[in-house]
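Student: Below you'll find the structure I mean.
The values are calculated or read from the model by the stated rules, or taken from the named source; none is laboratory data. Predicted, not measured: the structure shown is a model, and the values here were computed from it. Please note: Cβ atoms are built from the backbone with ideal geometry, for glycine as well, and neighbour counts cover all protein chains shown.
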Amino acid sequence: MERLKYFFLVTDIGFLLYWTITFFGWIPEEYLFKDYHNPILVSWNWSFLPLDLLVSATGFLSLYFYARKNPLWRSYALISLVLTFCAGLQAIAFWTIRLDFDWSWWLVNLYLLVYPCFFIKSVMVKRTNGMDDASTLKL
């Protein structure tokens, strides 16, 4: 969990920052994705808000329970990782279908797609010694 918690913090704070910046329209014009102001793409982008907020909520809850040595951290971590993977996959699939390969948007979404894959198994595997609390975990 020591390494995973940094990924959670970067991702969960990143989502909150992204949506705050998006809400206030602070993304510079040169960084907007193609057809950013198209109403359909605006709706598509905002459709990710509930998913991204759920990712952040479950990530933060996982960190909270981990700090209190509550084994519930594992369930929330798994939910957060799977939802993060799904968010990245949906965005990458969309950009692929549109044949839109803007690396500034691809890199962020590839990060969301790939990083959970390195942690899902270790979060799912229960320790063989019967201990499942945060004090025995080293991911």
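Student: Among the residues of the range 23-36, count how many are under 17 Å from W95 (Cβ atoms) and either out of contact with any Leu (no Cβ under 8 Å at 6 or more places or on another chain) or without any contact (Cβ under 8 Å) to a residue 40 or more places away in the chain (or both).
Tutor: Of the residues in that region, 6 qualify.
Student: Looking at S80, S62, S56, which is the one that is in a helix (DSSP H, G or I), small (G, A, S), touching a Gly at 6+ places or on another chain (Cβ under 7 Å) and within 30 Å of M124 (Cβ to Cβ)?
Tutor: Exactly one of S80, S62, S56 is in a helix (DSSP H, G or I), small (G, A, S), touching a Gly at 6+ places or on another chain (Cβ under 7 Å) and within 30 Å of M124 (Cβ to Cβ), namely S80.
Student: From the residues in the range 1-33 that are of a type in the set (D, E) and loosely packed, with under 13 Cβ neighbours inside 10 Å, which one is nearest to N70 (Cα to Cα)?
Tutor: Residue satisfying both the conditions and the ranking: E2.
Student: Which condition from (1) exposed (fewer than 13 other Cβ atoms within 10 Å of the Cβ); (2) of a type in the set (K, R); (3) touching a Ser or Thr at 6+ places or on another chain (Cβ under 9 Å) is the one that R74 breaks?
Tutor: Of (1) exposed (fewer than 13 other Cβ atoms within 10 Å of the Cβ); (2) of a type in the set (K, R); (3) touching a Ser or Thr at 6+ places or on another chain (Cβ under 9 Å), only one is false for R74: (1).
Student: Further question on the same structure: Restrict the check to the range 49-58 and report whether at least one residue is of a type in the set (D, E) and either modelled with pLDDT under 95 or over 16 Å from the mean Cα position of the chain (by Cα) (or both).
Tutor: no
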